[in-house]
């Protein structure tokens with residue numbers, strides 16, 4: 001490919017260790033102007049570490065980086081940024097209380113004499129956003145923006161710094177399909193203007209659409225680099241996992257007749273209106289809809305995390321409203337979509353996270369630490385949580401293992417009904433399959449599961465019945481063979497179209 | 001997948017510095033004190049230091065829970081003065097009916113505990129139910145209690161009836177097997193506090209709440225109740241500290257308990273509890289309290305440095321403690 005000659009940024013034989021643990025074993029990688037080079041691999045394969053090394057956030061333990069053919073070392077990320085190397089993080093680096101314009105120009109404010117030149121900055125910010133087809137006011141505060149718009153601001157910020165190399169860490173993880181389309185168009189445009197782009201995503205169809213070349217990492221090792229043309233999604237998945245992935249989705253369990261959850265006319269002020277549905281024993285019920293359709297809010301209203309009106313009955317008994325504890329005691333638990341901010345205490349160890357929801361099972365006066373320890377051993381085994389060290393903080397686990405820990409934590413409460421919101425967000429395909437198997441096994445054991453997901457294949461593959469939400473109410477229900485991406489989207493958009501353009 | 005054996009080494013090494021810091025400082029102070037003055041380790045001095053530490057110490061144990069749960073309470077010094085004032089007035093008022101004797105003392109203790117509980121409940125209610133920031137609420141109540149006690153004392157001093165004072169004195173000055181009561185009570189509070197923090201759901205919930213309130217809420221922790229609980233616990237411990245304090249002087253005034261809140265917070269921080277919440281250590285707080293009172297004691301015993309510099313040295317220790325903790329963290 002002759003990449004070594006024309007590459008802006010290349011890395012040779014990169015090795016990186018964290019203490020005694022080696023996470024990268026001699027990885028080569030290069031970025032060429034006007035090309036999108038995708039880096040794919042399972043969670044824990046070393047993608048994040050590799051990206052951080054390329055972006056100047058981490059130094060390699062061994063190996064060499066070359067910028068424009070010259071060996072370089074970045075002492076910190078600022079230095080890399082000064083050379084036009086920019087990284088867009090999965091977790092945004094935006095100051096929530098500042099405005100869009102202030103964020104875009106943070107650290108390189110335009111001056112007019114001793115004062116800030118607000119007008120110039122606003123104009124430039126607006127121009128950058130228009131380029132991205134993103135119509136937010138530069139004066140609005142980040143905290144008031146939706147997640148996709150924040151993503152666009154993050155990209156605008158990179159563009160404003162004249163990025164020659166753009167490193168994008170799963171930029172579409174939080175975007176809807178339509179927003180993803182816009183983003184991919186922007187990437188196309190950036191590529192044409194000669195920017196070198198590193199792109200990662202767990203969505204292999206995106207990789208197919210956008211990448212010129214693909215590099216696969218597995219367990220910190222470089223598996224292959226090849227042209228994207230002719231590289232099928234199946235072949236990518238096989239290369240990532242290192243084995244054939246048989247059917248991603250397990251067989252759908254057959255629900256029994258008993259109704260375990262009955263929701264009647266549930267409303268969450270400003271978010272959900274008049275939602276009613278039932279869930280049967282042994283059923284996997286899907287909830288689909290566009291981002292902002294009110295699915296999460298409905299579920300949080302049901303379990304008492306949000307003020308809600310309406311009736312909820314679990315196993316025939318009315319549920320005390322507004323109490324997560326009452327819901328848990330009735331056998332109803334909710335697994336949040338936001339595992340980093342609402343699911344796990346990232347700074348605490350695995351045990352304290354595992355037992356937090358069901359702590360009363362480990363003693364009402366004195367906590368039985370040996371029982372807790374045994375519970376962790378069981379959880380690590382049952383959920384296949386890959387830990388380096390049982391005393392490690394939950395935040396040091398990879399995303400997939402965090403999700404497994406969160407699942408284990410939730411299941412420790414021995415629920416009858418589990419609501420799982422975005423069960424596989426930001427998780428690699430191997431772990432996804434494990435979680436799908438787990439959900440199906442749960443239903444087969446007579447538990448009931450609600451799966452809320454923005455990934456349509458997931459809803460379709462797991463659920464025997466799908467409820468579609470749009471604009472805060474239930475837009476329709478599909479079951480059996482009637483479930484298809486097309487039918488779901490039509491229901492979701494049918495009423496949601498105006499909102500989308502707003 | 002049970003790699004228990006291979007695991008514990010790396011984090012333990014980090015813990016050591018972190019954990020041992022305050023203990024080493026305390027040992028160093030004791031060695032220093034002993035080498036400067038022969039009487040330092042004598043029975044009289046040790047009892048004196050510990051008994052004086054007891055008031056701040058009992059309060060600081062409660063403060064550890066408040067701070068661990070992500071809160072702060074600036075009102076405890078004023079609260080102690082207010083509770084002492086109320087207790088003294090109530091006891092004086094009850095002498096005609098109860099006479100001077102054990103029932104009067106017990107009634108006075110109940111009043112102190114109830115007053116502390118009510119004060120803590122009010123702070124906790126405003127913070128967790130009304131949702132005002134802890135700093136603001138307790139800054140406000142700090143002023144309110146201080147002003148109330150000054151008003152009750154009419155700008156002067158509220159004194160316990162002379163006979164009752166004589167009867168109550170032994171609660172501060174006497175003890176069991178040569179250990180005075182304040183020390184015994186402080187020790188019991190410290191042990192119970194440590195057990196509560198480390199081995200009960202309440203302690204675990206405090207740490208969870210301080211680490212991330214959202215996660216606690218989503219994990220079915222009754223966030224409001226736990227937060228309220230920390231302030232009520234602290235209020236009652238202020239009441240308990242006051243019970244031990246009143247027999248010492250038998251009076252309360254507008255200047256009683258001045259700056260106790262800052263000393264208590266300083267002791268908590270020196271002990272290794274994280275000011276932002278999420279991690280608390282009661283035994284560390286006890287060490288912190290002892291460090292602060294030993295500095296004071298050593299300066300008074302040895303005439304190398306002026307005792308007037310006490311505050312400056314304590315200030316340096318607080319800042320140093322936090323710096324050391326931070327280095328412990330970034331090393332991992």
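Cα axis of helix A:147-160 to longest principal axis of chain A: angle in degrees, 0 to 90, nearest 10?
On a 0 to 90 degree scale, this one is about 10.
Take the Cα atoms of the range A:271-391, build their convex hull, and give its volume per residue in Å³.
About 156 Å³ per residue, rounded to a whole number.
Using 0.36 nm per residue, how much length does the chain from residue A:192 to residue A:61 gain when fully extended, once their Cα-Cα distance is taken away?
Additional length available on full extension: 43.7 nm.
Within 10 Å of each Cβ in peptide A:343-353, how many partner chain Cβ atoms are there on average? Round it to a whole number, please.
Whole-number average of other-chain Cβ neighbours for A:343-353 is 4.
Calculate, for residue A:254 and residue A:373, the FRET efficiency according to 1/(1 + (r/R0)^6) with r their C-beta to C-beta distance and R0 41 Å; round to the nearest 0.05.
0.60
For a quick size check, give me the Cα extents of the range B:81-158 along its three principal axes, largest first, whole Å.
Result for the range B:81-158: principal-axis Cα extents of 44, 26, 12 Å.
Which FRET efficiency, nearest 0.05, do residue A:444 and residue A:28 yield, Cβ-Cβ r, R0 56 Å?
FRET efficiency, residue A:444 to residue A:28: 0.80.
Need the C-alpha centroid separation for the range B:288-327 versus the range A:245-278, integer Å.
If you average the Cα positions of each part, the centres end up 62 Å apart.
Summarise the partner chain shielding of A:386-396 as one whole number: the mean count of Cβ atoms from other chains within 10 Å of each residue's Cβ.
The mean count of partner-chain Cβ atoms within 10 Å per residue comes to 4.
Computed over the Cα atoms of the range A:3-241, what is the ratio Rg over Rh, Rh following Kirkwood?
0.98
Which whole-number percent of Cα pairs in the range B:221-332 have a distance greater than 19 Å?
58
At 7 Å along the Cα-to-beta-carbon direction for both residue A:118 and residue B:176, put a label point, then send me their distance in nm to one decimal.
It is 6.9 nm.
Can you sort A:367, B:304, B:291 from fewest to most other Cβ atoms within 10 Å of each residue's own Cβ?
B:304, A:367, B:291
Taking chain B as a Gaussian network, Cα atoms linked when under 10 Å apart, which of B:34, B:252, B:80 shows the biggest mean-square fluctuation?
Taking springs between Cα atoms under 10 Å, the residue moving most is B:34.
Return a whole-number percent for the relative contact order of chain B, with Cα pairs under 8 Å and 6 or more residues apart as the contact set.
34
Can you tell me the 0 to 90 degree angle between the C-alpha axis of helix B:201-211 and the longest principal axis of chain B, rounded to 10?
Helix B:201-211 and the main axis of chain B meet at about 70 degrees.
For chain B, set up a Gaussian network in which alpha carbons nearer than 10 Å are linked by springs, and say which option among B:289, B:223, B:27 fluctuates the most.
Largest GNM mean-square fluctuation: B:27.
Averaging over all projection directions, find the projected area of the Cα convex hull of the protein assembly as shown and quote it in nm² with one decimal place.
Averaging across all directions leaves 42.0 nm² for the Cα convex hull.
Can you give the FRET efficiency to the nearest 0.05 for residue B:309 and residue A:147, using r as the Cβ-Cβ distance and R₀ = 51 Å?
That pair, residue B:309 with residue A:147, gives E of 0.40.
Give, in whole angstrom and from largest to smallest, the semi-axes √(5λ) of the equivalent ellipsoid of the range A:209-302, with λ running over the eigenvalues of the Cα gyration tensor.
Each semi-axis is √(5λ); the values are 42, 20, 11 Å.
Can you divide the C-alpha Rg of the range A:329-470 by 2.2 N^0.38 Å and report the result to two decimal places?
1.04
Provide Rg over Rh for the range A:96-238; use the alpha carbon set for both Rg and the Kirkwood Rh (inverse mean inverse pair distance).
Radius of gyration relative to Kirkwood radius: 1.04.
Taking only DSSP H segments of four or more residues, each worth -39500 (n - 2.57), what value at 222 nm results for chain B once the sum is divided by all its residues, to the nearest 500 deg cm²/dmol?
My calculation for chain B gives -25000 deg cm²/dmol from helical runs alone.
Of the beta bridges DSSP finds with both residues in the range A:3-241, what % are antiparallel, to the nearest 5?
Just about 60 percent of them are antiparallel.
Looking only at Cα atoms, what is the convex hull volume of the range B:41-330 per residue, in Å³?
Given the Cα convex hull of the range B:41-330, per-residue volume reads 143 Å³.
For the range B:17-78, what are Rg and Dmax over the alpha carbons, in angstrom?
15.3, 43
With contacts defined as alpha carbon pairs under 8 Å and 6 or more residues apart, what's the relative contact order of chain A in percent?
Here the relative contact order equals 15 percent.
Give me the inter-chain shielding for A:369-376: mean count of other chain Cβ atoms within 10 Å, whole number please.
Across the residues of A:369-376, the mean count of other-chain Cβ atoms within 10 Å is 1.
Which peptide among A:130-139, B:70-79 comes first, and what is the full order, when sorted by highest mean count of other Cβ atoms within 10 Å?
B:70-79, A:130-139
Each label point is 7 Å from the Cα along the Cα-to-Cβ direction; what then is the distance between the points at residue A:490 and residue B:154, in nm?
8.8
Is it possible to state the helix-based mean residue ellipticity at 222 nm for chain A, with each DSSP H run of 4+ residues giving -39500 (n - 2.57), the sum divided by total residues, to the nearest 500 deg cm²/dmol? What is it?
-10000 deg cm²/dmol, from helical runs alone.
To the nearest 10 degrees, how steeply does helix A:118-131 sit against the main Cα axis of chain A, on a 0 to 90 scale?
70
Bear in mind that the values in this text are calculations on the coordinates, not laboratory data. Just so you know, these numbers come straight off a predicted model, no measurement behind them. Glycine also receives a Cβ, built like all others from the backbone with ideal geometry; neighbour counts cover every protein chain displayed.
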